[in-house]
Amino acid sequence: MVEAAGAPGTFDSCVEAAGSLGRIVVIGIPNRASEFNQAQLQRKELTVMSSRNSTRADFGSVRSSPL
């Protein structure tokens, strides 16, 4: 799951849509602080990675890394 909008609520949508042991990559940069459901993130045992100023090669390694 990739969150690229940085809009309010999109991270929550990713957490809701992700399956158990899923991965969320956050590249959207919000313009304000946000809250999220930490309990749901933990129940699903999700991995969250974020990036800023990355290259195309950096995303290739994220896509190909095993769960």
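Where a number appears in this text, it was derived from the coordinates with a stated rule and is not lab data. No experiment lies behind these values; they were computed from the predicted model shown. So basically every Cβ, Gly included, is an ideal-geometry build from the backbone, and we count neighbours across all protein chains shown.
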Counting other beta carbons within 10 Å of each Cβ, put Glu35, Glu3 in order, fewest first. Glu35, Glu3
Can you give the charge dipole size of the range 2-64 about its Cα centre, rounded to the nearest 20 debye, using +1 on the beta carbon of Lys and Arg and -1 on the beta carbon of Asp and Glu? 180 debye
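Among Ser13, Ser20, what is the fewest-to-most ranking by other Cβ atoms within 10 Å?
Values: Ser13 13, Ser20 8.
In order of increasing Cβ crowding within 10 Å: Ser20, Ser13.
Please state the shape class of the range 2-64: rounded when a/c is under 1.5, otherwise prolate if a/b exceeds b/c and oblate if not, all from the C-alpha gyration tensor. Present the calculation step by step, with values, prior to reporting the outcome.
Working: a/c = 2.45, a/b = 1.20, b/c = 2.04.
Taking the square roots of the gyration eigenvalues as a ≥ b ≥ c, the range 2-64 is oblate.
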Fewest to most neighbouring Cβ within 10 Å: what's the order for Arg43, Arg56? Arg56, Arg43
Please tell me the relative contact order of the range 2-64 in percent, rounded to the nearest whole number, where contacts are Cα pairs under 8 Å and at least six residues apart. 35 percent
Given H placed 1.01 Å from N in the peptide plane, which residues other than close sequence neighbours of Val25 have an amide H under 5 Å from its amide H? Val2, Glu3, Met49
